[in-house]
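Worksheet for the structure shown next.
Each value in this text was obtained by applying a stated rule to the coordinates, not by laboratory testing. Keep in mind it's a predicted model, so treat the numbers as computed, not measured. Cβ atoms come from the backbone with ideal geometry, glycine included; neighbour counts cover every protein chain shown.
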Amino acid sequence: MCGIFGIVTDKEKILGPILIEAAQRLTYRGYDSVGAATLKDNGEIDLRKDVGRVEAVSSKYNFSEMVGRRGITQLRWATFGAPSQVNSQPHLDSDGDLVGAHNGNVVNNFELRQQFIEEGLTVRSQNDGETCVHAVERYLKRGYEFIDAIRLAYGDLEGDYAFVIGRVKEDCLYAIKKGSGLVVGIGEDFTCLSSDLPSILPLTRTIIRPQDGEIITLWADRVELRSVKDGKLIQRAPELVTESMDAVQKGGYPHFMLKEIHEQPLVARELLHLLEGSQDVDNVLQQIKNARQFYLAGCGTSYHACLAGSVYFSQLAGKASIPVLAPQFIPQYAPAVDHQDVGLFVSQSGETKDVLNALQTAEKNGMTCLGLANVIGSTLTRTTSFCLPLCCGYEISVPATKTFTNQVITFLYLATRLGGGDTRQLEMIPDLMEQTIQMVAPQIESIAKSINTWNDMYTLGYGGTYPIALEGALKLKEITYAHCEGMLSTEFKHGPLSAVSDGYPVIFISGPQDVPLIVSGINEVTCRGARAIAIGEEDARLRANASDLVLIPKSTPQIAPLLAVIPLQLLSYHMSLLRGYDPDFPRNLSKTLTVD
Ligand code: M6R
C-alpha cells in the first residue's frame, strides 16, 4: 500500500535520521523498496533509493548523513512494475528541479507516460509516482503557478493516491490527497505529513486531517489547505491526538483483524481501479481462455477463494475450471497436465510451501503457471510467468479477511471480463461492503453471545455460497477453537443431521436465487430443534423459516457471497473475544506456513 512522509524545517540540518525513523514506522503497511530525498539550500536535491529493507537500504546509501531543509521518504509496495532501483521512489522531474513521491495507484499511468514522452519529458521508470511528478512538471513548464499546476495535474491523474512534491529554491512542500490516507503534523519549528499517524506521533501530536480533493502547502511555521476545485483557502483547526501508539497502529481498532475487516471496502476499491487500468489482464485472460484445463490451486482461505473463482468462471464465462487444494494437485492432477494446461496459484503470502511445491511440479510438467499474491517480491510472484497483485497492503492478523475478499473480487473481475460482461457493475462492491458491515455488526455481536456456549456447529451454503460456508467455518475454527464444519447445504441430510439437538447452531448462507433450497435445509434442522441462522438478502421465505435472519444488502448472485462472508468474519471475531482469545494470533498457527 506504500507510505510517504515529508518534512519542512526552519533551517538546513541533518534530516536523515528523521527520514529513516519515519520510514521504519510505516513498514507495517508493506513495502519492497525504500527511498529518501532532501532539498538543500544550495538548490541541490540529494536522492537515494533502492530495493530492500529500510535498515539495509538506509545503511548502504548512508541516509543518516542526508542534509536539507526539506525531506521526503517513501516506501514502495510494488503492484505493477518490478521492484527495482529505478522504480523506487521518490522521483525527479526531467530537469532535476522537482522531487516527489506518492502512495496509491494512478490507473492511467501507461497513457500519461506515453503523453509525457511525446511532449519531450524525461521518463525514467514505469512507476506511477514518477507520473505524478511529470503531471505537475508539464503544467509548470507551460507557465502555471505551482498550486494551479497541481490542480490541473489532479484532473489528469486517475485513481486513488496521496502525493508529495517539492521544488528546489523554495521553502515549502506541496501535497494532494485523493482516496489515500494523508495526515499533517504541526511542530514547534517544523511541519510534516505522512500516509499515517505512526510516523508523525513521535514528532508531534498536533495534527490536521486533509480531505480528498485538498491541496496542502507546508512551510516550517504554517500549513495551508486549498480546494482543488477552485483553489480557495480552506480553514481547518488542528486537533490533538491522545491515543497510544499501539492503538494508532491498529487504526483505533482493538485488533488488527477488526481493522482489516473494516479495510475491505477500501482495498476492494483500490483493486478494482488497478484491474481496470491494467495492461496485463488481457494477457492473463488470453491464457485462461486458451487453456485445455484450467486449475485454481491454493490452501486454506486461498483455496476457498479458488472455489468461488471456479463458480464465477463457469457462471459468467462458461469456462470450466478445477479448484484444487495445492498439495492434492501433485498426486491427483500433475500426472495428467502438460503445456496445454494453465494453473493459477493463489496465496496471500506467496510463500506457502504447499503451494510452492505444487507450482514446482506443475512447471516441471510444462504447465503455464500464473500467480495471484498479496506479498509482491515473494517466491510465488518471482517464479510464476505472471502474477497478479492483490493490493491489500500488509495483512497482519493471522485469520485472512481482506485478502480473501480481494482474491474473490479478482476472480469475479476476470470471469466477468472473460464472459464479455460489463465490469462497471462491480464498482458497487466497495459501497455494498461498507453497508454490509453497518447492517450486520450489532446483530452479529448479539448472536455471538447467544451461541458462544456451543463448541460444535455447521455453516452451510450452496452454489456461490458453498465456498463462503467453508471459509466461515475455517474462520470460526481458527480463532474460537470450536469445531465448525462448512458443507454443501444439501449434504447435511446425508449424515451430519444426526448431530442436531435442541438449540444446535446451524448457519445457512443463502444466495438470492437459492432461497427455496436453503429453506428446505432450514426446515430439516429446525424441526429437530436446531437454531437456524440465515445470512441472505431480505426475503419473506427466509424470514418466515429461519430462527434469525442476518440481512445483507441486495446485489447480484455473484456479489452476494462476497458480502455474506463479512458477517461470518465478524461472528468469529466476537466469539473469539468472548472466549478470551486473541483473534490476531491464534494458538498453534502462523501467518505464513513455509513447511510441508
Ligand atoms: O498465504 P496463503 O494464502 O498461501 O496461506 C494459506 C493458508 O495458510 C491461510 O489462508 C490460512 O488458512 C488462513 N490463516 C486462514 O485464515
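Some points to look at:
- Whole-Hz Karplus values for segment 244-255 come out as 6, 4, 4, 5, 5, 5, 8, x, x, 8, x, 9 Hz, taken residue by residue from phi with 6.51 cos²θ - 1.76 cosθ + 1.60 and θ = phi - 60°; glycine and proline positions read x.
- Prolate/oblate/rounded label for segment 253-300 (Cα gyration tensor, a/c 1.5): oblate
- The Cβ shell under 11 Å around Glu427 holds other residues with a net charge of -1, Lys and Arg each +1, Asp and Glu each -1.
- Where N is the number of residues in the chain, Cα Rg divided by 2.2 N^0.38 Å: 1.02
- Per-residue ³J(HN,Hα) for segment 33-50, Karplus 6.51 cos²θ - 1.76 cosθ + 1.60, θ = phi - 60°, Hz, x for Gly and Pro: 9, 9, x, 8, 9, 10, 10, 9, 5, 7, x, 8, 10, 9, 10, 9, 6, 5
- Fully extended contour minus Cα-Cα distance, from Ser84 to Leu488, at 0.36 nm per residue: 140.8 nm
- The chain - share of DSSP beta bridges that are antiparallel (%, nearest 5): 60 percent
- Given their separation in residues at 0.36 nm each and the Cα-Cα distance between them, Asn62 and Lys40 gain 6.3 nm when the chain is fully extended.
- Neighbour net charge for Thr592 - beta-carbon separation under 15 angstrom, K R +1, D E -1: -4
- Here the scattering of segment 406-461 is modelled by Debye summation over its C-alpha atoms, one equal scatterer each and no solvent; at q = 0.17, 0.24 Å⁻¹ the log10 of I(q)/I(0) is -0.77, -0.96.
- Pairs of alpha carbons in segment 436-557 separated by more than 17 Å make up 52% of all such pairs.
- The C-alpha atoms of the chain define a longest principal axis, and helix 515-526 lies at about 60 degrees to it.
- Here segment 3-249 is assigned +1 on the Cβ of each Lys and Arg and -1 on the Cβ of each Asp and Glu. Its dipole about the Cα centre then comes out at about 120 debye.
- The Kirkwood hydrodynamic radius of segment 3-249, based on inverse pair distances between different Cα atoms, is 17.6 Å.
- The long axis of helix 281-290 is offset from the longest Cα principal axis of the chain by roughly 30 degrees.
- Tilt relative to the chain, helix 264-277 - C-alpha long axis, 0 to 90 degrees, to 10: 70 degrees
- Modelled FRET efficiency - R0 41 Å, Trp219 with Leu285, Cβ distances, 0.05 increments: 0.25
- Distance histogram in 10 Å bins (all Cα pairs of segment 488-596, percent per bin): 13, 37, 31, 17, 2
- Rh by Kirkwood over Cα pairs, then Stokes-Einstein D for segment 253-421 at 1.306 mPa s and 10 °C, µm²/s: 101 µm²/s
- In segment 243-341 the Cα-Cα distances spread across 10 Å bins starting at 0 as 13, 29, 31, 17, 8, 1 percent of all pairs.
- Using a cut-off of 28 Å between Cα atoms, the listed pairs Lys319/Lys402; Lys178/Lys250; Lys11/Lys49; Lys475/Lys554; Lys289/Lys493; Lys353/Lys554 include Lys289/Lys493; Lys353/Lys554 as exceeding that distance.
- Ranking Gly511, Ala544, Tyr458 by how far each Cα lies toward the positive end of the dipole of segment 433-586 (charges on Cβ) leaves Ala544 at the top.
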